[in-house]
Amino acid sequence: MICAISGEVPDEPVVSKRSGLLFERRLIERYIEDHGKCPVTKEDLSMDDIVLVKTNKVVRPRPLQAASIPGLLGIFQNEWDALMLSNFSLEQQLHTARQELSHALYQHDAACRVIARLKKERDESRGLLALAERQIPASMTGAAPAAVLSNGKRAMEEEIVPDGKKIRPGINPDMIDELTECNTMLSAQRKKRQVPPSLASIDALERYTQISSHPLHKTNKPGILSMDMHPSKDIIATGGIDTNAVLFDRPSGQILCTLAGHSKKITTLKFVPREELVVTGSADKTVRIWQGGEEGNYSCIHTLKDHTAEIEAVTIHATQKYFVTAAKDNTWCFYDILTGSCLSQVGEASGQEGYTSASFHPDGLILGTGTTEAIVKIWDVKTQSNVAKFEGHAGPVTAMSFSENGYFLATAALDGVKLWDLRKLRNFRTFSPYDSDTPTNSVEFDLSGSYLAVAGSDIRVYQVANVKTEWNLIKTLPDLSGTGKVTSAKFGVDAKYIAVGSMDHNLRIFGLPGDDQMDDDSKPSPE
């Protein structure tokens, strides 16, 4: 006979009339006094329901004082009884908690499924609403032509609704089909693409040193903030604090053209090779599109004033028909390059946060943006909806670059560089090359996706590997400007050289000794 509470042979066994369970008398009496229920069945139970089981009596010694050994044993027995009751109560609570947890997990799983379904329905509704909004203004205003900019001025302003927002025509279905077709074609080509045999080897990169330096910007306002390269003509464009953009022909070492028109520093610029265009963004809140002429001169054909804060990034779509600008007003705009019209503006203007970087995925259907709040956002270009967020950086996300393989995204901030796997939406590697007070200003994959350049207080080149394999540091190039701040670094064709911009007025070219095209500092500095 075993007590249902203590699991021991009882000294004074009693039986419950209601349940037929056997208990130690002193334990069940104490439990009934505290709870008034059976500890096992939870039915109401009183002392009248307890029947004493007659057994052979054991003559016990008379209780002694606590100072005696028998008295101590009695105290220990009471403690043991209390422990048994507490243990039994805990077991009951654990069983109840397990049942409640199982129920809560089931409810959570059901809620997640409902939320996912509602989000899908919401996105579909937003798409239908956007389509309806584009059709209604078109029918109300007639065949009004899109806003066209000429000679740097807007020919017609967009219609403004009562709440102060401009009505954007949106990305129509034909454009979406064009973007989708481009994505399909580039994705198929990427699977067949091989690393070009002319790509610079690791041994060559290890021997890179400065081979030329070119003073492109004004000495009284030094600082190169942005850079881009023409993919086929070996022309480098730089944007500076002196409000000018300079087009530089590297083989000849000549300045081809200086683009002057912005009133404040140029923070970002990009080539549009197919149309011989250059797009520049500035701290003066404007974006300018420059058209190249037959004599090599460039003239401003569009001035875009859709942002209300400093322009931080320009990125060109793979079709070279559209581009996106991102600004500190917490919005990004999708433009038609030829007309200069803003087709869509995403986000709400905010003085608290904004975008600090942006880049299209090589296939064109995904847009990445970095914010002042250290968040990387991934957008679906077709629906202009935010589909993913990457958190973990410290400080504004200063730069980002998608790898040509389409799987990796590199982002830079105050705490270094983070590499993200777009297939699993997770960070798989972090580089912290500099101290906590030195931000990483630039990160760039080469066109083959084989190398990664990181710039901060110097320039570091890494060999691109996979998620599990270590990305080895190949070469560290010093900052020869003396400013301690490298703002941009880009690979030339086949990584045959690296162009570097710093907070002085010089463009520096790093490559193999003997590959320089002209003598250092052969061009006079513009005043």
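The values are calculated or read from the model by the stated rules, or taken from the named source; none is laboratory data. Just so it is clear, the structure is predicted and the values come from calculations on it, not from any experiment. Positions of Cβ are generated from backbone atoms using ideal geometry, with glycine treated the same way; all protein chains shown enter the neighbour counts. Heads up: the accessible areas ignore ligands, DNA and RNA and are worked out on the full protein's heavy atoms, side chains in. Shrake-Rupley method; radii C 1.70, N 1.55, O 1.52, S 1.80 Å.
Net charge in the neighbourhood of G484 (other residues with Cβ under 14 Å of its Cβ; Lys, Arg +1, Asp, Glu -1) is -4. Rounded to the nearest 10 degrees, the inclination of helix 25-35 to the longest alpha-carbon principal axis of the chain is 50 degrees.
Taking Cα atoms only, the orientation of helix 173-192 departs from the longest principal axis of the chain by about 80 degrees.
Residue ranking by accessible heavy-atom surface, 1.4 Å probe, largest first, among K233, K191 comes out as K191, K233. Taking Cα atoms only, the orientation of helix 69-141 departs from the longest principal axis of the chain by about 30 degrees.
Taking the helices alone, the chain has a mean residue ellipticity at 222 nm of -7500 deg cm²/dmol, built from -39,500 (n - 2.57) per DSSP H run of at least 4 residues and averaged over all its residues. Calculate, in whole percent, how much of the Cα-Cα pair population of segment 334-378 lies beyond 17 Å. Value for segment 334-378: 45 percent of Cα pairs lie more than 17 Å apart. Separation of segment 78-117 from segment 187-245 is 62 Å, based on Cα centroids. Here the calculated FRET efficiency for S68 and K37, from their Cβ-Cβ distance with R0 = 45 Å, stands at 0.75, rounded to the nearest 0.05. Which one, (1) 28.2; (2) 23.9; (3) 41.3, gives mean projected area of the Cα convex hull in nm² as derived from the coordinates shown? Computed from the coordinates, mean projected area of the Cα convex hull in nm² corresponds to (3). Here the dipole of the chain is about 900 debye; that uses its Cα centre as origin and unit charges on the Cβ of Lys and Arg (positive) and Asp and Glu (negative). What a 1.4 Å probe finds exposed on the chain is 52% carbon and sulfur by accessible area, rounded to a whole percent. Given the pairs K377/K418; K192/K496; K218/K485; K265/K285; K166/K265, which are separated by over 20 angstrom at their Cα positions? Pairs exceeding the cut-off: K192/K496; K166/K265. Using a simple spin-label model with pseudo-atoms 7 Å out from Cα toward Cβ, K305 and R423 lie 4.9 nm apart. Its Cα gyration tensor gives segment 278-372 an equivalent ellipsoid. The semi-axes, each the square root of 5 times an eigenvalue, are 22, 16, 11 Å from largest down. Kirkwood-type hydrodynamic radius, segment 161-225: 18.6 Å, calculated from all non-identical alpha-carbon pairs.
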